[in-house]
Every structure is written in C-alpha cells, then in structure tokens.
Amino acid sequence: MGSVTLKGNKVATEGTFLAPHELAPDFVLVNRALENITLRNYRGKKKVLATLPSVDTAVCSQESMQLEKLATAHPEMVFLVISKDLPFSQDKFCTGAKLSNVIFLADIRPTSLFGKDYGVLVIQGPIAGLFARSIIVLNEEDQVVYSELVPEIAELPNFTALADHLV
C-alpha cells in the first residue's frame, strides 16, 4: 500500500506502483466504443499510460491537452489515458476538446484489477475508488522505462521528465 496527497491530505493507494524495469501486468479496460482493450492490443509499440481521477476536472483536462501535444509529436507511440470515467463521458470530453491522438480507456468492468495491479487505486478520502495521477512509459515488450506517481493528485505530472523518456 502506498500513499499520495489530495490538496495536502494524505490518501492511501492500494497495490504497489510500478517501477522501472518491471513488466507491466495485462489489463482489460474499455474504449469509447465500449470494446474491451488489453495491454496486448499494443504489444510491439512504445506506450505512455497516464492515469487520472476524472476528465471532468481542470487539472485532468490540462494534463490530457498536454498529452495530446506529446502524442502528436510522437506518432510512433501509443498514448493511453485511463480513468474510472464512463466511456460516454470520455467521448464527450475528447470530442469537445478535439483530442484525437490520445486513446481514452475506462476502468469500468467489475472484475478489473487495473488500479490495484498498477498501484494507483485510491482507497480512502473523498476520491476513494478513483485513480491517483500517474505516468508510466512502457517499451515495446511492456517493460517500465519510466514511472511517476504524482505525489499531489491536484498537480500535473512532470512533463519535462516524461518528454526525456520519449526519445
């Protein structure tokens, strides 16, 4: 069990956050077309996984816009934005924000262990059940090459460090 803060208040997370050199576990998430998507769908490609609490917040919106810019600059990579938002909400957000280079995935299946397996599931406080903010970069074989569990959920990840790991 780990922890982060939300507006300065400590909140616990379940599981162990992935560290560099670890192999990312597979997952089953849902895309905006309500199709099940697994990590295996992207095997052979470099990936950026970004977890966030909800697309319906200013910080998450800003993060998604910055990820879109990075995805546009790195078309050889797959950028996945993962939250507990319903795919309908993700679709509405992406359409309104004109996001087309990042792939939004929802953790809505009752048997999903993504949050626990990746160490990002918040288990206490006002956003219990949602995800902590994180960035995980995976190589073509799904090995972690960079990871950041953002210490304060209300803040953006370190985009400079992320950009350094995209080359």
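The values are calculated or read from the model by the stated rules, or taken from the named source; none is laboratory data. Given the structure is predicted, the values throughout are model-derived calculations rather than measurements. Positions of Cβ are generated from backbone atoms using ideal geometry, with glycine treated the same way; all protein chains shown enter the neighbour counts.
Here are the numbers for this structure:
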{"quantity": "Given (1) without any contact (Cβ under 8 Å) to a residue 60 or more places away in the chain; (2) touching a Phe, Trp or Tyr at 6+ places or on another chain (Cβ under 8 Å), index of the condition Ala97 fails", "calculated": "(2)"}
{"quantity": "Residue in the range 66-76 that is nearest to Ala132 (Cα to Cα), counting only those that are buried (at least 18 other Cβ atoms within 10 Å of the Cβ) and among the hydrophobic types (A, V, I, L, M, F, W, C)", "calculated": "Leu67"}
{"quantity": "Residue count, the range 1-42 (criterion: more than 16 Å from Ile82 (Cα to Cα) and of a type in the set (Asp, Glu))", "calculated": "2"}
{"quantity": "Subset of the range 83-107 [charged (D, E, K, R) and either surrounded by 15 or more Cβ atoms within 10 Å (Cβ to Cβ) or under 13 Å from the mean Cα position of the chain (by Cα) (or both)]", "calculated": "Lys84, Asp85, Asp91, Lys92, Asp107"}
{"quantity": "Residue ID - surrounded by the fewest Cβ atoms within 10 Å (Cβ to Cβ), chosen from residues in the range 131-148 that are β-branched (Val, Ile, Thr) and over 11 Å from the mean Cα position of the chain (by Cα)", "calculated": "Val145"}
{"quantity": "Residues being within 20 Å of Asn31 (Cα to Cα) and either modelled with pLDDT under 95 or surrounded by 22 or more Cβ atoms within 10 Å (Cβ to Cβ) (or both) - total across the range 114-129", "calculated": "5"}
